[in-house]
Structure formats: C-alpha cells, structure tokens
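Visitor: Sharing a structure with you now.
The values are calculated or read from the model by the stated rules, or taken from the named source; none is laboratory data. Keep in mind that what you see is a predicted model, and the values were worked out from it rather than measured. FYI the Cβ positions are ideal-geometry reconstructions off the backbone, even for glycines, and counts take in every protein chain you see. Just so you know, the surface numbers come from the protein's heavy atoms only, side chains and all, with ligands and any DNA or RNA stripped out. Shrake-Rupley method; radii C 1.70, N 1.55, O 1.52, S 1.80 Å.
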Amino acid sequence: MSTAIPTTDAPRLYSTLSRTVEPLSTSPDGTVRMYVCGPTVYGPIHVGNARPFVVFSVLRRYLTRRGFAVRHVCNVTDINDKIYVAATREGVRSDVLAERYRAEYVADTDRLGLGRPDVEPTVTEHLPEIIAMIARLIDVGLAYPSAGDVYFRVDRFPGYGKLSGRRLDEMLVTEPGETKEHPLDFALWKGHKPDEDTSWDSPWGPGRPGWHIECSAMAAAALGPSFDVHGGGIDLAFPHHENEIAQSEGANGVPMARIWAHNEMLELGGKMSKSEGNIVLLRDALDRWGRDVLVAFFLRTHYRSKLPFGDAALEDTARQVDSIRNAARALDRAESAPGEGFNRELAESLVVARQDFFQALDDDFHTPRAFAALFEAVHAINRAVEGERPDIDQLRAARAAFVGLLDVLGLAGLADPEPGAPAEILALATEREGARAAREFALADELRDRIEAAGYQVRDTPEGPQVTPK
Ligand SMILES: [Zn+2]
C-alpha cells in the first residue's frame, strides 16, 4: 500500500488575526515554525492546560506526517506573579517552586505520550534577550521607564488591537498604575518589590520581566522575528497575544506570526460522578481515564469549539477507543488464521478512509472528521474479518494503513498487542492457533506448555485466544 500522503491542497488553518482560514505558510527553509504559549508553573497542571498541549502536539504530528519539517516551541513561564504568590503560600523559594512544578509539568505531559516540543524555553534562561528587547522598544519610542518599571506605550503602536479587534478608545483599564502615561500601558519590566525573593539587574534597576515580553523574547530567540504559527488558548488572545504583537512587531519591524491559532476552552462543571469530585488536574484525569481515552477526548471535538469535560463524554470516548482497539484485535486474530483471497472492498475502503482522514486535517485541523474517517477504517476491517478473510499480505497492509492513521493522532498504541504478554509469547499463541486449525493437537499442546512455562496462560474465547500473565 502506498505511503504517500494525498496532496490535493495545502493544509489550512484559521487565523484569529485575519478571521479566515488561510493556507499554512512555511519559513524560507521549508520549515513550519510554531510557537505555543505554555504553562505558568505555579502548581500541578490543570486538565484545561492539556488541551493546547494535545492540540498543538498532534498538529505537529500531522504536519510532520504530511511531509513538513516542523520546529515546535512551547515555553514554560517560570517568573510570574502567580509563582511568587504560590511560593509564599507553600513556604518555599519561588525559584525552587517553579523548578519543581516545571519538572512535574514535563512528567505529567510526558504521560500523554505525544512527544515533546523541540524547544521548551524558560524565562530564567532568557533575561539577556528580554532586557535587550525592552531597551530596543525604549530606543524606538515605544516604551518608557518610570519609577523602576518600564511600560509599553500602547497609543504609539498603530496596530494595537488588531488581533482582538478592539479599539484603544473602547478598551477598559486592564492594569491600573499610577506611574503610567496611559491606563492601558502595560509593564515590560517590574521594579523589585520587597515581598519577591528573586530579582535581576537591568539598566532600569533590579526587578523582573512582565509576562508578555517573556514570550516575545523567547519566540524570537527560538524562531527568529517572524514565523508561521503562533498558538495558545483563546483566553490569551487579549491582552497577552495583543501585547506580544505590539512588542515583537514594535521591536523587530516585521509581522510576528502569519497565523494566530487559538484553541477554545475546556469547560469544567460537566457532570461527574460524586466519588471522583471535580477532576481538575491532568495527572488525576490520566489516572482515571488513561492517556488513550484522554487524548481521543481532546481530539473528538474541533479545537475551535468549547469542550465540556465530564463523565458522560469521557465514557462515550472510552467506548470509541474500545471499538478501535477491538478492530486491531480482530486483525490480530485474522492474521493468525488468514484467508487466501483479496478483498477489494477492504482495500478501497481503506484508501477512501485515508483520503478523508487527511482532507479533514488539511481543512483547519478538523480532528472530529478525521475520527469519522478512522471509523470508516474500523468498520471496513470488522466487515472484512467477519466475512471471507483476506490473505496475510492484505491483512498486514490493512494493519499498516490503520496504524498509520492512528499514529497521526498519537493513538497507535491501541493496535499494540494486549498488555501483559510480550510479542514472543503472542507469537507462540498464534502458532498454537495455526496448529489447532491444522488439527496438530500434539504440537498445540506443546506450544501451550511453552507459553505456561514462560508464566502466561491461554484462554480460548469466542473472540479468539486471550493470553494473560498467570
Ligand atoms: Zn505567551
């Protein structure tokens, strides 16, 4: 079976900036450069923070599969007001607290099994770049020092409001301050306060960066002044991303990102069983549902739709995940007792499913439609193994095609052999099935003894043999 991806259209993504679905651009070297705002590490990450992590990690998997080189950057904010507050509450130093929760964030998101971004920059590694960018903004008249702080002068940046569609004269005061020229001016540098246990030297005195400038500096350091996709939750569009644009474009004089991609919010408050309470931490959701169900749950809904988190939706997702796993099991059994013919319907259905799958993802990363295409493959496989079974070559090709689709979504593990029995034991079980089918019962018994000697048992069920540890 061909492994080429259908290339009818370029991938397209919705941009909050243009309010249209646009063809994806690449940087001059052919790479898709993508920056995604990551978490502020002041506690264990919330299941809501996992949504952008899953969406943009799977977007990257799909683009890679589609033949693009991707440079995926997702920062960690390790200097922030919230970190000082949490450190005081927990009675530890703020840098110790931030490093602890950064490590926990990495461990929790590793459990999603979607790979890691190429670069995960931290603010503490980027103070020189941040200070240089602030100095540049002062040089060009877009920022001014004031009583130990430095502020961005929003009414000097003509494009301010272009992302969120707000006009300066309509905006509310977001950050009141007595030392600012304009109530909407926002802090690039915050002078040291006595209750903060870290500070860095700067031309404007000791202090620390504001949140917005951190991302502008980290994005430029990792990707250059202009790149292809800037992602994050829609709650960040204003003021965070608006301010990133003002800083980066004000300092660098070129458009910051071509496409601004925003995922909608995960909504808690869906009905959940009483004993579980409101699961809000990613690690608790992983413990309860497992990574396959959780990843599938995030992808079943389009990234630009609100996503209610609750038992019913997750139980429904668990049933879908079971259907996918069962189709893989059905292929296992068919491969252990293949037929001899070629099943044209199976071959054609899988080609169509693959086309539908990639067309859906090309169209603004429409993962729910990609799921529907995956189920076309599930149904075609189930029909094929229930009827006259195809020969082994076609079964293996069908498995490769099916696993190829699953892998884009980070779900290839659903086609792995049953947990608990290594491949060599499953191979013995398959050989035993073959012996039984050929009525070579002495050989079948000998194979069963070998499986049991290795610590496993075989049960013959209507669905075929099940191998489990003894
Ligand atoms: Zn950011």
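Visitor: If I ask for residues that are open to solvent by 20 Å² or more (accessible area, probe 1.4 Å) and touching a helix residue (DSSP H, G or I) at 6+ places or on another chain (Cβ under 7 Å), which ones from segment 146-156 would you list?
Guide: 155
Visitor: Next up: Residue check: is residue 96 touching a strand residue (DSSP E or B) at 6+ places or on another chain (Cβ under 7 Å), outside the structural domain of residue 352 (by TED's automatic domain parsing), over 27 Å from residue 224 (Cβ atoms) and away from the ligand (no atom under 16 Å from the Cβ)?
Guide: It is false that residue 96 is touching a strand residue (DSSP E or B) at 6+ places or on another chain (Cβ under 7 Å), outside the structural domain of residue 352 (by TED's automatic domain parsing), over 27 Å from residue 224 (Cβ atoms) and away from the ligand (no atom under 16 Å from the Cβ).
Visitor: Give the residue, chosen from 370, 397, 353, that is of a type in the set (A, V, I, L, M) and either touching a Lys or Arg at 6+ places or on another chain (Cβ under 9 Å) or more than 16 Å from residue 65 (Cβ to Cβ) (or both).
Guide: The match here is 397.
Visitor: Could I ask something else about it? Take segment 207-230 and flag every residue that is of a type in the set (Gly, Ala, Ser), within 13 Å of the ligand (Cβ to nearest atom) and over 23 Å from the mean Cα position of the chain (by Cα).
Guide: 210
Visitor: Out of segment 231-251, which residues are within 12 Å of the ligand (Cβ to nearest atom), within 13 Å of residue 137 (Cβ to Cβ) and small (Gly, Ala, Ser)?
Guide: 248
Visitor: Restricting the search to segment 384-403, which residues are open to solvent by 10 Å² or more (accessible area, probe 1.4 Å) and either of a type in the set (Asp, Glu) or at pLDDT 95 or above (or both)?
Guide: Once the filter is applied, which keeps residues that are open to solvent by 10 Å² or more (accessible area, probe 1.4 Å) and either of a type in the set (Asp, Glu) or at pLDDT 95 or above (or both), segment 384-403 yields 386, 388, 391, 392, 393, 394, 396, 397, 399, 400, 401, 403.
Visitor: May I ask you to verify whether residue 71 is of a type outside the set (Asp, Glu), under 30 Å from residue 354 (Cα atoms) and either within 16 Å of the ligand (Cβ to nearest atom) or open to solvent by 10 Å² or more (accessible area, probe 1.4 Å) (or both)?
Guide: Yes: the conditions hold for residue 71.
Visitor: Which residues, counting only those in segment 404-447, are crowded, with 19+ Cβ neighbours inside 10 Å, outside any helix (DSSP H, G or I) and at pLDDT below 90?
Guide: Listed by number, the list holds a single entry, 421.
Okay, residues lined up against (1) over 16 Å from the mean Cα position of the chain (by Cα); (2) modelled with pLDDT under 95; (3) in a helix (DSSP H, G or I):
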residue: 259; (1), (2), (3): yes, no, no
residue: 269; (1), (2), (3): yes, yes, no
residue: 279; (1), (2), (3): yes, yes, no
residue: 284; (1), (2), (3): yes, yes, yes
residue: 288; (1), (2), (3): yes, yes, yes
residue: 294; (1), (2), (3): no, no, yes
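Visitor: With the condition kept exactly as written, say whether any residue in segment 81-89 is acidic (Asp, Glu) and either assigned by TED's automatic domain parsing to the domain that holds residue 297 or over 23 Å from residue 245 (Cβ atoms) (or both).
Guide: no
Visitor: Determine which member of the set 195, 169, 118, 201 is touching a residue at least 24 places away in the same chain (Cβ under 8 Å), farther than 30 Å from residue 55 by Cα and away from the ligand (no atom under 16 Å from the Cβ).
Guide: 195
Visitor: Here's a follow-up. Out of all the residues in segment 19-39, which are more than 15 Å from the ligand (Cβ to nearest atom) and in a strand (DSSP E or B)?
Guide: Residues satisfying the conditions are 20, 21, 22, 23, 31, 32, 33.
Visitor: Which one of 141, 205, 165, 159 is out of contact with any strand residue (DSSP E or B) (no Cβ under 9 Å at 6 or more places or on another chain), surrounded by fewer than 20 Cβ atoms within 10 Å (Cβ to Cβ) and at pLDDT 95 or above?
Guide: None of the others qualify; the one that does is 141.
Visitor: Suppose we keep only residues that are in contact with a helix residue (DSSP H, G or I) (Cβ under 7 Å, 6 or more places away or on another chain) and in a helix (DSSP H, G or I) within segment 361-372. Which one would you say is most open to solvent (accessible area, probe 1.4 Å)?
Guide: Among those that are in contact with a helix residue (DSSP H, G or I) (Cβ under 7 Å, 6 or more places away or on another chain) and in a helix (DSSP H, G or I), it is 369.
Visitor: Picking from 375, 298, 357, which residue would you name as being buried (at least 18 other Cβ atoms within 10 Å of the Cβ), free of Cβ contacts under 8 Å to residues at least 60 places away in the same chain and assigned to a helix (DSSP H, G or I)?
Guide: The unique qualifying residue is 357.
Visitor: Among the residues of segment 55-101, which ones are part of a helix (DSSP H, G or I), modelled with pLDDT of 95 or more and within 18 Å of residue 232 (Cβ to Cβ)?
Guide: 55, 56, 57, 58, 59, 60, 63
Visitor: If residue 42 satisfies all but one of (1) open to solvent by 60 Å² or more (accessible area, probe 1.4 Å); (2) closer than 20 Å to residue 197 by Cβ; (3) not in a loop (DSSP other than H, G, I, E, B), what's the number of the condition it fails?
Guide: Unmet condition: (3).
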